[in-house]
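See below for the structure under consideration.
The values are calculated or read from the model by the stated rules, or taken from the named source; none is laboratory data. Computed from a predicted model, the values in this text were never measured in an experiment. Every residue, glycine as well, gets a Cβ built from its backbone with ideal geometry; the counts of neighbours run over all protein chains shown.
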């Protein structure tokens, strides 16, 4: 009887270990929710500030995501000649500029509803969150 209990315990522990190691599918919705929660906490936004800020931030996030999707598609294209490579570089640069312009537009909108110090804190929190996620994903891939 003890052997059966030990075997069941080992089997359960093994299953739990493999379940923890299995890669989780990326969820943009969960990522955005975690990001927003982190930003609100780190930038110390009041509930009133968060209520004004988060809808704008969500809107910006969706527009950025569309550009990131286009960039990913561009990188996945099979390029066949120098002209195609040149075109891909120019399109990539244009999308980078588009992202920066979008960011600038939304920073101006954020400044209309939040003090500059809080917008600055939001930007810093967003950068830290992304940096921490890259570290986490890199660690998960090395397992």
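Some points to look at:
- Verdict on residue 78 being at positive phi and over 16 Å from the mean Cα position of the chain (by Cα): no
- Just one of the listed residues (48, 62) is loosely packed, with under 12 Cβ neighbours inside 10 Å and either modelled with pLDDT of 95 or more or under 12 Å from residue 122 (Cα atoms) (or both), and it is 48.
- Checked against (1) surrounded by fewer than 12 Cβ atoms within 10 Å (Cβ to Cβ); (2) more than 18 Å from the chain's Cα centre (by Cα); (3) within 25 Å of residue 31 (Cβ to Cβ), residue 83 passes all but condition (3).
- Region 76-95, residues that are in contact with a helix residue (DSSP H, G or I) (Cβ under 8 Å, 6 or more places away or on another chain) and in a helix (DSSP H, G or I): 88, 91, 92, 95
- Some residue of region 80-88 being touching a residue at least 12 places away in the same chain (Cβ under 8 Å) and closer than 26 Å to residue 134 by Cβ: yes
- Filtered residues of region 13-41 (kept if modelled with pLDDT under 95 and more than 15 Å from the chain's Cα centre (by Cα)): 13, 14, 15, 16, 17, 18, 19, 20, 21, 22, 23
- Filtering region 114-143 to residues that are surrounded by 15 or more Cβ atoms within 10 Å (Cβ to Cβ) and farther than 20 Å from residue 34 by Cα leaves only 114.
- For residue 109, the stated conditions do not hold, so it cannot be described as loosely packed, with under 10 Cβ neighbours inside 10 Å, touching a helix residue (DSSP H, G or I) at 6+ places or on another chain (Cβ under 9 Å) and either without any contact (Cβ under 8 Å) to a residue 60 or more places away in the chain or in a helix (DSSP H, G or I) (or both).
- The one condition in (1) closer than 27 Å to residue 111 by Cβ; (2) in contact with a helix residue (DSSP H, G or I) (Cβ under 6 Å, 6 or more places away or on another chain); (3) modelled with pLDDT under 95 that residue 56 fails to fulfil: (3)
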